[in-house]
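One structure below.
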Protein chains: 2
Amino acid sequence: MTETAPGSTFVAFVRDHQSAVEAALRELLPPPTAAPVALHEAMHYAMFPGGKRLRPMLVLLGCMSTGGDPARVLRPAAALECLHTYSLVHDDLPCMDDDDLRRGRPTCHKVYGEATALLAGDALLTLAFEGAAAGGGAAAIALARAAGSLGMVGGQVEDLAAEGETHGHTLERVQWIHDHKTGALITGALVVGAHAGAAAAGHPEGAPDDVIAPLIAFGDRLGRAFQIADDCLDLTGSAQELGKNPGADVALGKLTWPALVGLERSLATAHSLAGEAAALAVEVVAAAARWRGVDRSVLDGAARLLQDVASYTVERRS
Amino acid sequence: MTETAPGSTFVAFVRDHQSAVEAALRELLPPPTAAPVALHEAMHYAMFPGGKRLRPMLVLLGCMSTGGDPARVLRPAAALECLHTYSLVHDDLPCMDDDDLRRGRPTCHKVYGEATALLAGDALLTLAFEGAAAGGGAAAIALARAAGSLGMVGGQVEDLAAEGETHGHTLERVQWIHDHKTGALITGALVVGAHAGAAAAGHPEGAPDDVIAPLIAFGDRLGRAFQIADDCLDLTGSAQELGKNPGADVALGKLTWPALVGLERSLATAHSLAGEAAALAVEVVAAAARWRGVDRSVLDGAARLLQDVASYTVERRS
């Protein structure tokens with residue numbers, strides 16, 4: 001893969017920031033030796049080793065593309081991974097998806113028991129807000145709205161409800177579930193980064209609405225592309241690439257794009273959404289440059305990164 | 001009961017602020033008609049009708065006693081009740097205490113099923129931070145620390161672990177569990193109120209450490225007195241007064257003060273702690289008056305309220 005292949009600029013960005021994000025995570029989490037040890041061990045088990053830390057990277061990108069310094073928002077970036085991880089731990093519980101395998105290892109409740117896994121999830125969710133609030137009140141509010149009953153948790157409820165249904169599987173329904181269950185937190189990560197970057201630069205109220213609006217529009221497309229690509233990967237990926245059993249969505253009767261319109265049309269839609277996102281990236285940096293009073297060219301690199309993360313989202317193999 | 005009976009000033013304060021707190025709760029929660037309806041119904045079921053809303057009232061008191069305007073911190077006050085309610089919903093789940101009855105009604109999972117109750121708890125926890133962060137980053141961070149793995153959730157883990165043990169039941173162990181499971185959030189409520197009141201008055205960084213320190217010392221005593229009194233009520237109260245079956249702690253083999261040192265010594269300790277708290281109330285308002293640059297007499301009423309809530313805590317019958 002050359003540096004100009006789709007997604008490679010973002011992959012290089014991830015490589016460059018991975019160790020800083022991991023360090024921020026280890027700083028935010030109490031050590032596994034802290035009392036109660038079983039709880040902190042379970043939290044560490046769920047968090048390390050992690051996936052690609054996509055959501056923390058989106059916090060850094062949301063910050064950079066709105067003119068902020070990503071080095072100042074590492075704690076809010078770590079917060080997004082805590083929040084994402086809590087949702088996985090609770091999703092895997094017996095009363096939810098009842099999964100045994102996650103990232104190629106036994107799920108948290110398989111190792112630590114149901115009660116400790118439930119509480120480890122609760123603690124990670126709580127810790128996410130300790131981290132987000134380090135970026136100010138606006139960052140924490142943005143995270144809460146993305147993650148709550150009108151966002152991610154709402155999507156999980158509808159996703160579970162849809163599993164048991166034998167009719168009513170429309171594309172609109174799938175889209176609603178995707179937008180809430182996955183999209184809200186992807187957009188939320190970008191917005192948290194923008195607000196936290198603003199707060200670090202002396203704006204405790206966060207970034208203004210006219211800077212946030214194009215970022216939300218970008219995030220909406222990115223989130224949709226991400227989830228459609230994810231549904232397709234469940235059909236085309238290997239267990240090794242995915243770290244979980246492929247075909248799991250089909251086995252659970254989950255609502256997915258490929259189940260409704262086929263693999264080919266799903267992939268075409270994902271690519272089209274990534275294209276829309278790339279166009280919106282230009283608007284994001286234009287609004288940010290006006291607000292910050294800097295020349296737009298200063299944010300050219302950030303715009304290219306936003307465009308490249310959109311390509312990465314649909315080209316990835318895991 | 002005359003106006004000078006122990007606890008009556010606080011009871012009058014609760015009466016005066018109850019409707020404002022209920023209104024703030026209904027504003028913070030999405031309506032039960034919002035999608036997904038089952039989730040929002042479950043959240044409302046758990047929240048309304050509620051208990052005495054002690055923790056929101058402590059947010060208002062934490063604000064007032066440090067010189068803030070309680071009318072400006074109603075949203076953070078509502079947040080504390082969301083957080084407390086989430087902890088009850090998750091505590092009642094089959095993998096935790098497996099309770100059928102709460103506040104005299106079937107528990108949330110008995111009515112809405114385990115998955116929806118789990119997610120309703122997650123959503124209430126998330127919503128708590130949307131409310132707390134309306135009082136600024138410092139208020140949200142204080143709530144997260146009080147509620148997380150080094151606070152309330154840590155206490156729940158140790159409480160569950162202690163149930164299965166046949167030895168090691170020391171007073172130090174009970175105290176650690178009480179301090180974390182119950183005390184942390186009581187102190188947290190006061191601190192959230194102080195920070196949110198400061199933020200509303202133009203201090204986005206919250207109240208200074210030398211104002212927070214005596215408030216924490218007060219809250220620690222109040223929290224200990226509260227939990228010991230609670231343990232005693234489990235033995236001496238009626239199902240009607242408690243809204244749950246009395247003797248439940250004993251049946252579960254839970255670590256309690258009366259189980260270790262008897263009812264009489266437990267009640268004496270609770271009263272002694274309430275007395276210490278009353279003395280510390282004076283230090284709280286003294287530090288706050290210095291910081292705000294006002295005469296201490298301005299905060300005399302708030303000091304009396306703090307002292308009275310300590311009396312109320314050990315005199316209550318439910």
Within region A:89-99, does at least one residue satisfy the condition of being more than 10 Å from every other protein chain (Cβ to nearest Cβ), under 19 Å from A:Glu205 (Cα atoms), out of contact with any Phe, Trp or Tyr (no Cβ under 9 Å at 6 or more places or on another chain) and of a type in the set (Asp, Glu)?
no
With respect to the numbered conditions (1) within 14 Å of chain A (Cβ to nearest Cβ); (2) surrounded by fewer than 20 Cβ atoms within 10 Å (Cβ to Cβ); (3) not basic (Lys, Arg), which one is the sole condition not fulfilled by B:Ala46?
(2)
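If I ask for residues that are in a helix (DSSP H, G or I) and either buried (at least 17 other Cβ atoms within 10 Å of the Cβ) or aliphatic (A, V, I, L, M) (or both), which ones from region B:280-300 would you list? Can you show your working first?
Residues of region B:280-300 in a helix (DSSP H, G or I): B:280-292, B:296-300.
Listed by number, the residues that qualify are B:Leu280, B:Ala281, B:Val282, B:Val284, B:Val285, B:Ala286, B:Ala287, B:Ala288, B:Ala289, B:Arg292, B:Val298, B:Leu299.
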What are the residue pairs meeting all of these: first residue in region B:72-94, first residue more than 21 Å from B:Leu60 (Cβ to Cβ), second residue among the hydroxyl-bearing types (Ser, Thr, Tyr), Cβ atoms under 8 Å, and 6 or more apart or on different chains?
B:Val89/B:Thr107; B:Asp92/B:Thr107
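Please go through region A:60-98 and give me each residue that is of a type in the set (D, E, K, R) and closer than 20 Å to A:Pro49 by Cβ, ordered by number.
Step one: of region A:60-98, the residues of a type in the set (D, E, K, R) are A:69, A:72, A:75, A:81, A:91-92, A:97-98.
Of everything in region A:60-98, those that are of a type in the set (D, E, K, R) and closer than 20 Å to A:Pro49 by Cβ turn out to be A:Glu81, A:Asp91, A:Asp92.
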Just checking, does region B:40-53 include any residue being part of a helix (DSSP H, G or I), over 17 Å from the mean Cα position of the chain (by Cα), touching a residue at least 24 places away in the same chain (Cβ under 8 Å) and more than 18 Å from B:Lys110 (Cβ to Cβ)?
no
Among the residues of region A:56-76, write down those that are within 14 Å of another protein chain (Cβ to nearest Cβ), assigned to a helix (DSSP H, G or I) and surrounded by 24 or more Cβ atoms within 10 Å (Cβ to Cβ).
A:Pro76
Going through B:Ala38, B:Ala147, B:Ala142, B:Ala79 one at a time, which residue ends up being of a type in the set (Gly, Ala, Ser), within 7 Å of another protein chain (Cβ to nearest Cβ) and under 22 Å from B:Thr187 (Cβ atoms)?
B:Ala147
Can you tell me how many residues within region A:204-241 are buried (at least 20 other Cβ atoms within 10 Å of the Cβ) and among the aliphatic types (A, V, I, L, M)?
8
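Can you name every residue in region B:44-58 that is farther than 22 Å from B:Ala310 by Cβ and in contact with a Phe, Trp or Tyr (Cβ under 9 Å, 6 or more places away or on another chain)? Walk me through it before giving the result.
If we filter region B:44-58 for residues that are farther than 22 Å from B:Ala310 by Cβ, which is where we start, we get B:44-50.
The answer is B:Tyr45, B:Ala46.
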Only one residue in A:Ala277, A:Ala303, A:Ala310 is surrounded by fewer than 24 Cβ atoms within 10 Å (Cβ to Cβ) and not charged (D, E, K, R). Which one?
A:Ala303
Conditions: (1) more than 20 Å from B:Ala139 (Cα to Cα); (2) facing chain B (nearest Cβ under 8 Å). A:Glu130 meets all but one. Number of the miss?
(1)
Filter region B:193-232 for residues that are small (Gly, Ala, Ser) and under 30 Å from B:Gly247 (Cα atoms) and give the result.
B:Gly219, B:Gly223, B:Ala225, B:Ala229
Tally of residues being over 16 Å from B:Gly121 (Cβ atoms), hydroxyl-bearing (Ser, Thr, Tyr) and modelled with pLDDT of 95 or more across region B:1-60:
2
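The values are calculated or read from the model by the stated rules, or taken from the named source; none is laboratory data. Just so it is clear, the model here is predicted, and its values are computed rather than measured. Cβ coordinates were reconstructed from backbone atoms using ideal geometry, including for glycine residues, and neighbour counts include every protein chain displayed.
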